[in-house]
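Down below is the structure, laid out as structure tokens.
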Amino acid sequence: MSVIRTGALVGVLVALVSSMSSTAHTANLSMSTPARIMQTSSTISASALAPTDCAAIAGGLADVRVVTSGNQGNGNSLILGNQNGNSINAQGGNDCMVGGGGNDTLTGGGGTDVCIGNAGTDTFSQCETQIQ
């Protein structure tokens, strides 16, 4: 199973979790926080980061990708957009896509894909599960 270093995505994940919540949250992370985390050997699996809506495929997720648009390859991925409108094409594999804020276009492909739009007006294609 592939893993990611916690420090590399702390800020992005905090922002994502905050934007997905129904209540606004803020986090004050100093620039030294990721450095302190990176000094440890802690890792987080992609399946542990997946939203509960992706539970059916979470065990097979191999990596986390933070993107703004484009084709994201043929793999079993947790693909995270940002607060802007994203156009994400997961292609093959069982993927969990989270658009974030903005008007997102989420396209699945081969495999079982879960598409979560969040805020904005979102468009879904080839997604077995669609959540606005």
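The values are calculated or read from the model by the stated rules, or taken from the named source; none is laboratory data. This is a predicted model, so every value here is computed, not measured. Virtual Cβ from ideal backbone geometry, glycine too; neighbours counted across all protein chains shown. Surface accessibility is based on the protein's heavy atoms, side chains included, excluding ligands, DNA and RNA. Shrake-Rupley method; radii C 1.70, N 1.55, O 1.52, S 1.80 Å.
With respect to Asn86, determine if the residue is within 13 Å of the chain's Cα centre (by Cα) and either closer than 16 Å to Gln126 by Cα or open to solvent by less than 20 Å² (accessible area, probe 1.4 Å) (or both). I'd like the intermediate steps shown before the answer.
Details: within 13 Å of the chain's Cα centre (by Cα): yes; either closer than 16 Å to Gln126 by Cα or open to solvent by less than 20 Å² (accessible area, probe 1.4 Å) (or both): yes.
Yes; evaluated as a whole, the condition is true for this residue.
Within segment 80-124, can you find the residues that are assigned to a loop (DSSP other than H, G, I, E, B) and among the hydroxyl-bearing types (Ser, Thr, Tyr)?
Here is the first cut: in segment 80-124, the ones assigned to a loop (DSSP other than H, G, I, E, B) are 81-86, 90-94, 99-104, 108-112, 117-122.
Answer for segment 80-124, where residues must be assigned to a loop (DSSP other than H, G, I, E, B) and among the hydroxyl-bearing types (Ser, Thr, Tyr): Thr112, Thr121.
Conditions tested, residue by residue: (1) modelled with pLDDT under 90; (2) in a helix (DSSP H, G or I); (3) aromatic (Phe, Trp, Tyr).
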site	(1), (2), (3)
Ser30	yes, no, no
Ala35	yes, yes, no
Thr40	yes, no, no
Asp53	no, yes, no
Ile57	no, yes, no
Leu78	no, no, no
Is at least one residue of segment 114-126 open to solvent by 40 Å² or more (accessible area, probe 1.4 Å) and under 14 Å from the mean Cα position of the chain (by Cα)? no
Could you run through segment 96-132 and say how many residues are under 15 Å from Val66 (Cα atoms), in contact with a helix residue (DSSP H, G or I) (Cβ under 8 Å, 6 or more places away or on another chain) and modelled with pLDDT of 90 or more? 3
For Ala119, state whether it is of a type in the set (Gly, Ala, Ser) and free of Cβ contacts under 8 Å to residues at least 40 places away in the same chain. no
Please name all residue pairs, on different chains or six or more residues apart, with Cβ atoms under 6 Å, provided the first residue is in segment 84-109 and is touching a residue at least 40 places away in the same chain (Cβ under 8 Å) and the second residue is open to solvent by 50 Å² or more (accessible area, probe 1.4 Å). Gly100/Ser19; Gly100/Gln83; Gly101/Ser19; Gly101/Gln83; Gly101/Ala119
